[in-house]
C-alpha cells in the first residue's frame, strides 16, 4: 500500500473513531446510548385528565423525561427538587415530564392524581401501565432521568444529582447538564449512575 493510501486509511480510521466517540458508550444503560433517539411514547394518560405523547412537546428546547413513582422513598425525596427545576428552567424552554411505569394500586392513575395534587406538580405526570416507555429508555429505577435535545436524542441520562438528601448534594448533574446544553455546550457529564428503587417490570 502506498504512503498516500496509508494516510487516507489513517484519516478514515480516526474519523470513524471520532464518530463513535460522539455516541458515548452507555455504562449504566443496556438499552440506550447518549446520542440515540429513544422510541416515542404516545397517548399516555396524565394526572391532568389528558393524553400525552412525545410529539406534544415539540416546542420545548430540551425535554427532561423522568421515570418516577409514588412509592419509592428516593423518588419522593426528589419531588420538590423537580418542581424547583421546572420553575427555574421553564422560562428557558425546558419541559419536564414524569412517567410512572410501576404497577400496583399505590401507583395507579387515581393515586398519581392524588400525589400530583398534594405536591403541586408543575409538570405532566403520566401513567404507562404497559411499561413500554420504561423498557424503551432502559429505565431501571426511580428516579431515572433523560434529557432529550431539540432533535429528541439523549443528551444526558442518569441521576438528578449525587445525593438523596438535598442538604448533602455536591454535584447537580441534571441542572448542570441543562445549563450547558442551553448555552450550546456539552454537559459536564453525559451519563451518571442512576440510583433509587428498581422499577417492577412485569
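The values are calculated or read from the model by the stated rules, or taken from the named source; none is laboratory data. Since the model is a prediction, treat every value here as computed from it, not as a measurement. With ideal geometry, Cβ positions are generated from the backbone for all residues, glycine too; neighbour counts draw on all protein chains shown.
Quick check, is residue 164 modelled with pLDDT of 95 or more, surrounded by 15 or more Cβ atoms within 10 Å (Cβ to Cβ) and out of contact with any helix residue (DSSP H, G or I) (no Cβ under 7 Å at 6 or more places or on another chain)? It is false that residue 164 is modelled with pLDDT of 95 or more, surrounded by 15 or more Cβ atoms within 10 Å (Cβ to Cβ) and out of contact with any helix residue (DSSP H, G or I) (no Cβ under 7 Å at 6 or more places or on another chain).
The set of residues from the stretch 51-67 being part of a loop (DSSP other than H, G, I, E, B) and loosely packed, with under 14 Cβ neighbours inside 10 Å comprises 53, 58, 59. Residue 76 meets the conditions (1) in contact (Cβ under 8 Å) with a residue 24 or more places away in the chain; (2) assigned to a helix (DSSP H, G or I) in every case but one. The failed one is (1). Touching a residue at least 24 places away in the same chain (Cβ under 8 Å) and either assigned to a helix (DSSP H, G or I) or surrounded by fewer than 17 Cβ atoms within 10 Å (Cβ to Cβ) (or both), is that true of residue 188? No; evaluated as a whole, the condition is false for this residue.
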